[in-house]
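What follows is a single structure, written as structure tokens, with notes after it.
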Amino acid sequence: MSKYLASSEFIDWKNPDVVARAKALASGLSGQEEVTHRCFEFVRDEIKHSWDYEQNPVTCRASDVLKHGTGYCYAKSHLLAALLRANGIQAGLCYQRLTITDIPPFCLHGLNAVYLDRYGWYRIDARGNKQGVSAEFCPPVEKLAFPIVTLGEADLPEIWAEPLQVVTDILANSATYQEVAVNLPDIELVTANKSIQPTANASAD
């Protein structure tokens, strides 16, 4: 479980600004769930989704997401993981494979899982709410941004300690939020249903 507390290239929670924000968010709170809830709502509500708000620059590293106040779902999940880890709370990354308009093509959607002592692993989605999207923190019930509704969509069951390379490559090599939007990352699935396993190139490390 120690890997879910690690600081790394993209979940760089030892960055001084990330540490400071994490401690500020936890100030006055004592419970693990209270701290998680506050960090979740900060990333969901205060960090603007790049596409929704048509914002640059494209961010990937948690400290850059915090610095610029914007990011795609993937980048926002990196920041939330960093804030939680900085507070000693084990957090990982999860993905869904979704359509944009209920028909292919597919793309990955990034979210988080946090380990809560009372419930075990619990998924949370800090993508950012808008009309038709309402994600909340209400354990043990999951309330994610997007349901799985179309054949070929899937909840990927793994909890990754680090982001998938297909995700970080897109973010690192895109100059604008529009460029990300036309090159959203995807992976092929072995089977297309709700309980699939991803291909080997998406294995958890």
Residue pairs within 7 Å by beta carbon, gap of at least six or interchain, first lying in region 40-60 and polar (S, T, N, Q), second assigned to a strand (DSSP E or B), listed first then second, are Ser50/Thr70; Ser50/Gly71; Gln55/Lys48; Gln55/Thr70; Thr59/Thr70; Thr59/Gly71
Scanning region 113-132 residue by residue, those closer than 21 Å to Tyr72 by Cβ and open to solvent by less than 10 Å² (accessible area, probe 1.4 Å) turn out to be Ala113, Val114, Ile124, Asp125, Ala126, Gly128
Flagged in region 1-17 as open to solvent by 80 Å² or more (accessible area, probe 1.4 Å), closer than 22 Å to Asp169 by Cα and not in a helix (DSSP H, G or I), in numbering order, are Glu9
In the set Tyr4, Tyr74, the lone residue that is touching a helix residue (DSSP H, G or I) at 6+ places or on another chain (Cβ under 6 Å), under 23 Å from Ala161 (Cβ atoms), at pLDDT 95 or above and not hydrophobic (A, V, I, L, M, F, W, C) is Tyr74
Restricting attention to region 34-61, the residues that are assigned to a helix (DSSP H, G or I), touching a Phe, Trp or Tyr at 6+ places or on another chain (Cβ under 9 Å) and buried (at least 24 other Cβ atoms within 10 Å of the Cβ) number exactly 2
Contact list, first residue from region 83-98 and under 17 Å from Gly120 (Cα atoms), second anywhere and basic (Lys, Arg), beta-carbon distance below 7 Å, six or more apart or interchain, is Ala91/Arg85; Cys94/Arg123
Pairs returned, first residue in region 106-123 that is of a type in the set (Gly, Ala, Ser), second residue that is surrounded by fewer than 19 Cβ atoms within 10 Å (Cβ to Cβ) and outside any loop (DSSP other than H, G, I, E, B), beta-carbon separation under 7 angstrom, 6 or more apart or interchain, are Ala113/Trp121; Ala113/Arg123
> Can you spot a residue in region 84-96 that is open to solvent by 10 Å² or more (accessible area, probe 1.4 Å) and of a type in the set (Ser, Thr, Tyr)?
Replying inline: no
Matching residues in region 18-31 (closer than 20 Å to Tyr74 by Cβ and either open to solvent by 40 Å² or more (accessible area, probe 1.4 Å) or free of Cβ contacts under 8 Å to residues at least 24 places away in the same chain (or both)) number 1
If we keep only residues of region 141-166 that are in a strand (DSSP E or B) and open to solvent by 20 Å² or more (accessible area, probe 1.4 Å), then the residue farthest from His78 (Cα to Cα) is Leu151
**Request:** May I ask you to verify whether Cys107 is at pLDDT 95 or above, surrounded by 17 or more Cβ atoms within 10 Å (Cβ to Cβ), over 30 Å from Lys14 (Cβ atoms) and of a type outside the set (Ser, Thr, Tyr)?
**Result:** yes
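The values are calculated or read from the model by the stated rules, or taken from the named source; none is laboratory data. All figures in this text were calculated on a predicted structure; none of them were measured in a lab. Cβ: placed from backbone, ideal geometry, glycine included. Neighbour counts: every protein chain shown. Just so you know, the surface numbers come from the protein's heavy atoms only, side chains and all, with ligands and any DNA or RNA stripped out. Shrake-Rupley method; radii C 1.70, N 1.55, O 1.52, S 1.80 Å.
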